[in-house]
Amino acid sequence: MQHGHCPLCAVRLAPAFAHVPDYEYGAEGDFGFGHCAECGLLVLTPQPGIEQLKAAYPPHYHGFHTGAKGLVGLLYRLVYGLRVRAYGRLLPRGGRLLDVGCADAAYFDALVKARPDVVPEGVEFIDDIAQRARDRGFRVVTGTLADMKDAEPYDVIIMNNLIEHVTDPVAELEQAVRLLRPGGHIVVETPNTDSWDYAVAGRWWGGLHVPRHTYLFGPVSLDRLAALCGLRLASRSFQPNTDHWALSVQNRLQATPSTRRPLTRGRAWYYKWLLLAFLPLNIVQAWLRKSGSFVSVYRRTS
Ligand SMILES: [Zn+2]
């Protein structure tokens, strides 16, 4: 497996993991990861083409089903509440917000309820998912950031669990910065390679999410990417993200025929109980800034 160079540091990537399958949705292909010794970036090898990536998001992909009920639904609503509070602090009165890769924009309802002066917009590349947001009255464009180049500048741009999915993170973030007014903020939430769950789970780590995650960051590599795009870190928080622990355990069990179970939307029956079981550990991790997911707020300086 030939690994290329780190797009942030230009140093040659060292092999990290080889032959990591898609345990959740069974996408085709033989994938591994290269690792940058300078910044810690993990890079999927080979990089999937756009058609291969689209095929890796089946209609039952869990990210398209945010209207979950019960325990998982409750966890989602807690996350939306936290998001709305954090974004509200960054938005001036009547401010403009763009969510990139917004899926069905599930948190927009809570956002406009808390901040009726704000008009949130989104861009989402899967049309019928975007349509669900439009059906609720929100402006969501089907496409990618490249389709938004003529938009008015935004005060806040949200990239939640997006930057780890794109095929060129430098180009993607540069594109976002062009749409941001000077002094505006970009919020980037992404899995954290500088976490206890990655350190323990390694090739089984739920954050790898092969082949949908193309680049995986920690605080050092993400700050390096942001600096290349003219952004300065304003604040950073660490989320008690139980997904990656739960998925790491599931991946390990799915890799062995005797413990393999049928999956619904990529998840085994026991997954939701693992989410709950790992919550106390995740709260400790978040407090020590070593949790599996982190949120960075960057400010456009020029
Ligand atoms: Zn690097």
Taking R0 as 35 Å, what FRET efficiency do you get between A114 and E28 from their Cβ-Cβ distance, rounded to the nearest 0.05?
0.20
Residue separation times 0.36 nm, minus the C-alpha to C-alpha distance between T301 and A14: what's the value?
100.0 nm
Between L288 and A255, what is the spin-label point distance in nm, taking each point 7 Å from the Cα along the Cα→C-beta axis?
2.3
Accessible area of the chain belonging to carbon and sulfur atoms, whole % at 1.4 Å probe
58
For W196 the rounded accessible area (nearest 10 Å², probe 1.4 Å, non-protein molecules ignored) is 90
Please give the per residue accessible area of the range 14-300, computed with a probe of 1.4 Å over protein heavy atoms only, in Å².
45
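A234 to L281: extension gain in nm, 0.36 nm per residue of separation minus the Cα-Cα distance?
On the way: separation 47, 0.36 × 47 = 16.92 nm, distance 2.71 nm.
Gain on extension, A234 to L281, equals 14.2 nm.
In a shell of Cβ-Cβ distance under 11 Å around L253, excluding L253 itself, what net charge do Lys and Arg (+1) and Asp and Glu (-1) give? The partial results should precede the final answer.
Working: positive: R252, R260, R261; negative: none.
So the environment of L253 carries a net charge of +3.
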Tell me, for the chain, which Cys residues have no other cysteine's C-beta sitting closer than 4.7 Å.
C39, C102, C229
Student exercise, the chain dipole from Lys, Arg, Asp, Glu Cβ charges, in Debye to nearest 20
1000
Reachable aspartates and glutamates from K149, Cα under 20 Å, same-chain residues fewer than 8 places away excluded?
D99, E121, E124, D127, D168, E172, E174
Projecting the Cα atoms of G32, V141, P280 onto the charge dipole of the chain, where Lys and Arg contribute +1 and Asp and Glu -1 at Cβ, the residue farthest towards the positive end is P280
Grab every C-alpha pair in the chain, bin the distances at 10 angstrom width from 0 up to the longest one, and report whole percents.
6, 27, 38, 24, 5, 0
Which residue, S291, S258, S237, has the most motion in a Gaussian network model of the chain that connects Cα atoms within less than 10 Å?
S258
Counting only complete DSSP H runs, which helices of the chain cover 18 Å or more along their long axis at the Cα atoms and score a mean Kyte-Doolittle of 0.0 or above?
70-90
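The values are calculated or read from the model by the stated rules, or taken from the named source; none is laboratory data. Because the structure is predicted, anything quoted here is derived from the model rather than measured. Neighbour counts are summed over all protein chains in view; Cβ atoms, including those assigned to glycine, are modelled from backbone coordinates with ideal geometry. For accessibility, only protein heavy atoms count, side chains too; no ligands or nucleic acids. Shrake-Rupley method; radii C 1.70, N 1.55, O 1.52, S 1.80 Å.
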